[in-house]
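**Student:** Here it is, the structure, as structure tokens.
What follows draws every value from the coordinates through simple rules; no lab data is involved. Not measured: the values here are computed from a predicted model. Glycine also receives a Cβ, built like all others from the backbone with ideal geometry; neighbour counts cover every protein chain displayed.
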Amino acid sequence: MKIAIVGLGYWGPNLLRNLVALVGPGSVVVVEKSLDRIAAVIPQYPSVAYCLSLDQALDDDEVGAVIVATPVSSHAALVRAALDAGRHVLVEKPLAASVVEAIDLVSCAEERGRVLMVGHTFLFSPRVERMREYLQEGRLGSVQYATSSRLNLGLHQRDVGVIWDLAPHDFSILFHLLGEFPVSAQTSGRCVVRSGSLDVAFVNLSFASGIVASVDVSWLAPRKTRSTVLVGDRQMMVYDDLNNEEPVKIYDKGVVIPDPEGFGEHQLTYRHGDVQAPFIPAREPLAQELAHFLACIDGTETCRSDGRFGLHVVEALEAAERSWQEGGWPVDVETAVPEAGRSGYATGRLAS
Ligand SMILES: NC(=O)c1ccc[n+]([C@@H]2O[C@H](COP(=O)([O-])OP(=O)(O)OC[C@H]3O[C@@H](n4cnc5c(N)ncnc54)[C@H](O)[C@@H]3O)[C@@H](O)[C@H]2O)c1
């Protein structure tokens, strides 16, 4: 089977490098409408075939899967065309530019029995996996709240604001770690460089379990920050993706609440215990993500970031942006994915 990669802009070459390493150059077809981008990248891969439109790639019966790495506003049309042509699809985050588009793509993939995977790359990071293991082992106890920050100077996107560009990473990490999706979003933010396009946003998410999370995203910050903090009632965990030596640290810190009947009433004690930094082997998340996509097509693995997961992320993104548009009031995150105890859209609900 050959695999087509659509889009060789900023991110596509990373997918191409990993895919060629995984399946060999003869099994990869590049689709890029810009001759300049083809001229810039393809000379490094002389055995990789290329064409200028997805339709040309879909005419080749040997192309069994398509990877979409184009701007968000173009995802829906390209993914739909590939699914309609019976191909499996891995689409870069976020799945689509609206909930309506995302529901359509998930329904289409499910009706046709094709894999629809979303490139939520951090779900394939060994660091995030280690954090998830710690949570599942109960090391943190009951999670109380989380914060996540993704800040830098740029890169401004032309077709979406900072929430749709950066928050898919934080949202997907949090939803994967917490094992639940938010019920409401409340956002403040500012459009500084271009009117109508947020460059900085502060999103507060609430979850049915009572967990609250604060997500800060910015294209207008003096320093690069990529960190997530989870505070449990037993321990606390800090993930700093820029720290290659000790990216994950567990802090044995907390507050000891005295027996209210006892002498120490109202006297809280603060516990300052050890800090642990586990060794986590370095493996490129994108290589893991692509291998997982192929395993999902083979049927040997169940998709970790499938269309439904991607749809949940889009539902949260849309609610977060709508809250900002409506003046910063909390907005319910409705879901089309059937879930116990959650309200859903009146229409467009997916089958159980
Ligand atoms: N997973 C990650 O960590 C990560 C990081 C960066 C970007 N992304 C995602 O990757 C996607 C692409 O982002 P980018 O920054 O590389 O965008 P980009 O604008 O730099 O590149 C997009 C490329 O797609 C090409 N293109 C657009 N429409 C096309 C079409 N119909 N047919 C063929 N080629 C087409 C353009 O010519 C361009 O070269 C986005 O969805 C973005 O969110 C993911």
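**Student:** Compute the Cα gyration tensor for the stretch 88-159, then decide on rounded, prolate or oblate, letting a ≥ b ≥ c be the square roots of its eigenvalues: rounded whenever a/c is under 1.5, prolate when a/b is larger than b/c in the other cases, and oblate in all that remain.
**Tutor:** Values: a/c = 2.31, a/b = 1.41, b/c = 1.65.
Oblate, since a/c reaches 1.5 and b/c is not below a/b.
**Student:** Also: Mind checking the angle between helix 99-112 and the chain's longest principal axis? C-alpha axes, 0 to 90 degrees, to the nearest 10.
**Tutor:** Value to nearest ten degrees: 60.
**Student:** Sum up the lysine pairs in the chain that clear both bars: alpha-carbon distance under 24 Å and a spacing of 8 or more or different chains. Walk me through the numbers before you get to the answer.
**Tutor:** Values: 2/33; 2/93; 33/93; 93/224; 224/249.
Lysine pairs, 8 or more places apart or on different chains, close enough: 5.
**Student:** Then there is this: Order these by the 10 Å Cβ neighbour count, fewest first: 88, 272. Walk me through the numbers on the way to the answer.
**Tutor:** Details: 88 23, 272 9.
The fewest-first ordering by Cβ neighbours comes to 272, 88.
**Student:** Helix 162-178 versus the longest principal axis of the chain: what angle, 0 to 90°, nearest 10, using Cα atoms?
**Tutor:** 60
**Student:** Could you give the angle, 0 to 90 degrees to the nearest 10, between helix 12-23's Cα long axis and the longest principal axis of the Cα atoms of the chain?
**Tutor:** 80
**Student:** With a ≥ b ≥ c taken as the square roots of the eigenvalues of the C-alpha gyration tensor of the chain, please select rounded if a/c is under 1.5 and otherwise prolate if a/b is larger than b/c or oblate if it is not? Walk me through the numbers on the way to the answer.
**Tutor:** Working: a/c = 1.84, a/b = 1.64, b/c = 1.12.
Because a/c hits 1.5 or more and a/b exceeds b/c, the chain counts as prolate.
**Student:** Here's something else I'd like to know. Please rank 195, 47, fewest neighbouring Cβ atoms within 10 Å first, as an exposure proxy.
**Tutor:** Numbers: 195 6, 47 9.
Ranked by crowding around the Cβ, least crowded first: 195, 47.
**Student:** Moving to a separate point now. Among 42, 4, 338, flag the residue with its Cα farthest along the positive direction of the charge dipole of the chain, charges on Cβ as +1 for Lys/Arg and -1 for Asp/Glu.
**Tutor:** Ranked along the dipole, the leading option is 42.
**Student:** In what order do 331, 275, 79 fall by count of nearby beta-carbon atoms within 10 Å, going from fewest to most? Mind showing how you got there, number by number?
**Tutor:** Values: 331 19, 275 13, 79 30.
Exposure proxy ranking, most exposed first: 275, 331, 79.
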